Amino acid sequence: MTPPPKRPAGAGRGAALRRDAVAATVPVALAALLAAGGPAAAGPAHIPAGHPAARTTGSAGAGDPYFPLAGNGGYHVEHYGLTLGYDPDSGRLDGTAVLTARATQRLTRFDLDLNGLKVTRLTVDGAQAAFRRDGQELVVTPRTALPKGHRFRVTVAYNGSPEQVTDPDGSDDGWITTDDGAFVAGEPQGAMTWFPANNHPTDKSSYDFTITVPQGHTAVANGLYLGSRTAGGRTTFRWRQPEPMAAYLATATVGKFQVEQYTTRDGLKIYNAVDPREAADAAPVLKQLPSVLEWESKLFGPYPFQSAGSIVDHAPSVGYALETQSRPLYDSAPSLSTLVHESAHQWFGDSVSVTRWKDIWLNEGFATYAEWLYAEQHGGRSAQDRFDALYARPAGDALWAFPPGDPGDGENIFASPVYSRGAMVLHKLRGAVGDAAFFRVLRTWAADHRHGNGTTAQFTALAERVSGKNLDGLFHTWLLTKGKPDTP
Ligand code: TRP
Ligand code: ZN
């Protein structure tokens, strides 16, 4: 596999783009198009509907057609307590995960997602539970059924050498080892490579991390840094992510890092960890983080988390950055526009998460448009100029291969129609409703779905409500129709 292009180009990294089967050129009611493919609470295929087991068994997936086994039905995880030990020399991970969850139906059995690794012990509410492995499903049968509404605690002890997963588009995510530790990035599927999870963005939870690594290494996770302790040649780092977080945004990146901590004028706690090999290039960009977040707060509303920062790793094989919650993760020193992009994801993607992967333009189109806006307002190229340059691409260009609102499958979720054409949708919206209404739409979106989830249909309805305009034609053409629109 050739490494994917760096994210800022937004050029997409999928190999052959698959033409999807949706006949989007035929006019279809906007609502009907948007409704297709939503999550459905489907039981496992082998259990006939109506059979009692279908009603008390949590489903093996969250109902997302792009990643059918990702996530699980029947419960919601409120909190993950992850205690990890990692040895970069041997690549061995020792973990204990304590999940506090609530049953959303009566459960005689439920699934977690876990890929690889060996489970050595599993309890539910303190009692040993039966479990088996079935691909990425960790199937748990508690000793007694969990009543609907019951809050329960699952403790999973596990170990082994975590292995990255390869996504449908050929890129790697999950626990990706580096020459001095691990670059840990879970979008879209990789969380399950290092902890048992309800691995879908619709299930958001708070997290505590306790991570032990050899002295001299640093383990960086999300949220607030609670301190570290060194004993016997090993250092334990503690982190807390109090606001809800999707599993794919969790990290526990390990390396030899230079660490910097400070509090901004607004009282935001910043923690930066930088690989020394990237430090010289990273420094001038990281210095801008407070002003970028301040600028984005003016545009999008209050920054959604209590902490911020950056992890700048040296991971040349990775080829992308990830908006890990509160503290984006870079595979090398980022450009300013990449920092702007990952920071914008804190509102669009992290605080407001997708409901299904099909809606990924709500993350990538928005973060890309934030780059355009930043340049425009800081003496750079105008958004119109970027739009025009993209529109000038010929009809056969990959940019027009599928509509941003309907990538077709998981292979396409990081390709250029999602990023660049997704940003073009927002630019068209801005032109149609004017700046005042446009920025009100963005702020209302971030506020109404803060720490939750949203769908494309909810966004288009909001844009119409806030602007008082019928935008069906615009969204139909730019968001949902395959091929290059006839007029810019
Ligand atoms: N969401 C990332 C960004 O745009 C990109 C990304 C996440 C990615 N996971 C990936 C790119 C896997 C390629 C492969 O900031
Ligand atoms: Zn992005």
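Test of understanding: among 188, 162, which residue is more than 16 Å from ligand 1 (Cβ to nearest atom) and either within 19 Å of residue 61 (Cα to Cα) or part of a loop (DSSP other than H, G, I, E, B) (or both)?
162 is the lone residue from the list that is more than 16 Å from ligand 1 (Cβ to nearest atom) and either within 19 Å of residue 61 (Cα to Cα) or part of a loop (DSSP other than H, G, I, E, B) (or both).
Suppose we filter 315, 333 for residues that are open to solvent by less than 10 Å² (accessible area, probe 1.4 Å), away from ligand 2 (no atom under 15 Å from the Cβ), of a type in the set (A, V, I, L, M, F, W, C) and over 18 Å from the mean Cα position of the chain (by Cα); which single one remains?
315
So in the range 425-465, with the set limited to residues that are surrounded by fewer than 17 Cβ atoms within 10 Å (Cβ to Cβ) and part of a loop (DSSP other than H, G, I, E, B), which one is farthest from the chain's Cα centre (by Cα)?
Filtering first and then ranking leaves 434.
Just name the residue that is surrounded by the fewest Cβ atoms within 10 Å (Cβ to Cβ) out of those in the range 234-257 that are more than 21 Å from residue 177 (Cβ to Cβ) and of a type outside the set (Lys, Arg).
By that ranking, first place goes to 242.
Report yes if residue 177 is open to solvent by 30 Å² or more (accessible area, probe 1.4 Å), more than 22 Å from the chain's Cα centre (by Cα) and modelled with pLDDT of 95 or more, otherwise no.
Spelling it out, it is not the case that residue 177 is open to solvent by 30 Å² or more (accessible area, probe 1.4 Å), more than 22 Å from the chain's Cα centre (by Cα) and modelled with pLDDT of 95 or more.
Please determine, by comparing only the residues of the range 260-316 that are more than 21 Å from residue 450 (Cα to Cα) and basic (Lys, Arg), which one is modelled with the lowest pLDDT.
Once the filter is applied, the top-ranked residue is 265.
For the range 114-144, give me the residue count where each residue is over 24 Å from residue 86 (Cα atoms) and in contact with a Lys or Arg (Cβ under 9 Å, 6 or more places away or on another chain).
Count: 11.
For the list (1) under 21 Å from residue 340 (Cβ atoms); (2) free of Cβ contacts under 8 Å to residues at least 60 places away in the same chain; (3) of a type outside the set (Lys, Arg); (4) away from ligand 1 (no atom under 16 Å from the Cβ), I need the number of the one condition that residue 444 fails.
Unmet for residue 444, out of (1) under 21 Å from residue 340 (Cβ atoms); (2) free of Cβ contacts under 8 Å to residues at least 60 places away in the same chain; (3) of a type outside the set (Lys, Arg); (4) away from ligand 1 (no atom under 16 Å from the Cβ): (1).
Which residues, counting only those in the range 325-365, are β-branched (Val, Ile, Thr) and within 10 Å of ligand 1 (Cβ to nearest atom)?
Once the filter is applied, which keeps residues that are β-branched (Val, Ile, Thr) and within 10 Å of ligand 1 (Cβ to nearest atom), the range 325-365 yields 338, 360.
The values are calculated or read from the model by the stated rules, or taken from the named source; none is laboratory data. Bear in mind the structure is a predicted one, so any value in this text is a computation, not a measurement. Reconstructed Cβ throughout: ideal geometry from the backbone, glycine too, with neighbour counts over all protein chains shown. Quick note on the areas: whole protein, heavy atoms, side chains included, nothing else; ligands and nucleic acids left out. Shrake-Rupley method; radii C 1.70, N 1.55, O 1.52, S 1.80 Å.
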